[in-house]
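Structure first, then comments.
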Amino acid sequence: MKAIDVQNLTRDFDGLRAVDDISFHVEPGEIFGFLGPNGAGKSTTIRILTGQLRPTSGSASVMGWDVVEQRQQLKPLIGVVFEVQNLYLRMSGRENLRFAARLYRVDKHRVEEVLDRVGLLDRAKDTVENYSNGMKQRLLIARALLHRPKVLFLDEPTRGLDPHVAREIRSRVRELAQEGMTIFLTTHYMEEADQLCRRVAFIDHGKIAAIDTPEQLKLDHGESEEATLEDVFIRLTGSHLSHWSKGS
């Protein structure tokens, strides 16, 4: 069984096609990078895969459950860390997680486990408004792990973080994958995707431009032996900049 299976997925918004007939799959325990420019269709795809948005056509399943028809069965199996840090700032880190634990019907002892895992146990009593950006991001990851999901969706998890915190989060992501969790990752940091992902897909204007291992993509689409994943990204998704670069 595929952890994620997407077939001919399309989503329209008032005549605009945000996701255009895309198909791909993700294996269990894989860190899969879903990369593209702003507005390429990444967030729309995540919203469909997490049961928040119905596709216009096509189908998708996560851990074998249809994302439209079986959303209730899907919810306990996924964790989501969105780019927006939607935390209760006047509550402590522990209170944020205890509130989420009640929603997930998770034992309160699990709160202490995930706080420890992300390195926030010693700051658990502090209000979140006094947390650094990196601490807030770690708390979001802790919240997503409360119910032991099978698939974790990470939307720009290291955006705006200093290199030390970003490296720590990448290390946690690797650990989770080694333990068998499937990670669906969006990031604008191509070096991060190169380091973490077994495979990556490039999406542009709602279409999949390429999908393969970072190494193979560099061989197939790089213009030199020294090509980076960023070079491939720019080559495959840079068409929308062509008129601007010509001065028009």
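All of the numbers you see were taken from the coordinates with simple rules; none came from a lab. Bear in mind the structure is a predicted one, so any value in this text is a computation, not a measurement. Glycine also receives a Cβ, built like all others from the backbone with ideal geometry; neighbour counts cover every protein chain displayed.
Mean separation of Cα pairs under 8 Å and 6 or more residues apart, divided by the residue count, gives region 141-213 a relative contact order of 28 percent. Reducing region 39-106 and region 184-242 to their Cα centroids gives an inter-centroid distance of 26 Å. The lysines whose alpha-carbon is closer than 28 Å to the alpha-carbon of Lys75, local same-chain residues fewer than 8 away aside, are Lys2, Lys42, Lys108, Lys136, Lys150, Lys207. Taking the alpha carbon gyration tensor of region 1-78, multiplying each eigenvalue by 5 and rooting it gives semi-axes of 20, 15, 11 Å, largest first.
Our estimate of slack between Leu219 and Leu16, defined as 0.36 nm per intervening residue step minus the Cα-Cα distance, is 69.7 nm.
Find the percent of Cα-Cα distances in the chain that exceed 31 Å, and round it to a whole number. Roughly 26 percent, rounded to a whole number.
With a Förster radius of 22 Å, plug the Cβ-Cβ distance of Lys2 and His109 into 1/(1 + (r/R0)^6) and report the FRET value to the nearest 0.05. Efficiency, from the Cβ-Cβ distance: 0.10. Each of Arg148, Arg105 has some number of other Cβ atoms within 10 Å of its Cβ, and from fewest to most they run Arg105, Arg148. The angle between the Cα long axis of helix 93-104 and the main principal axis of the chain comes to about 80°, on a 0 to 90 degree scale.
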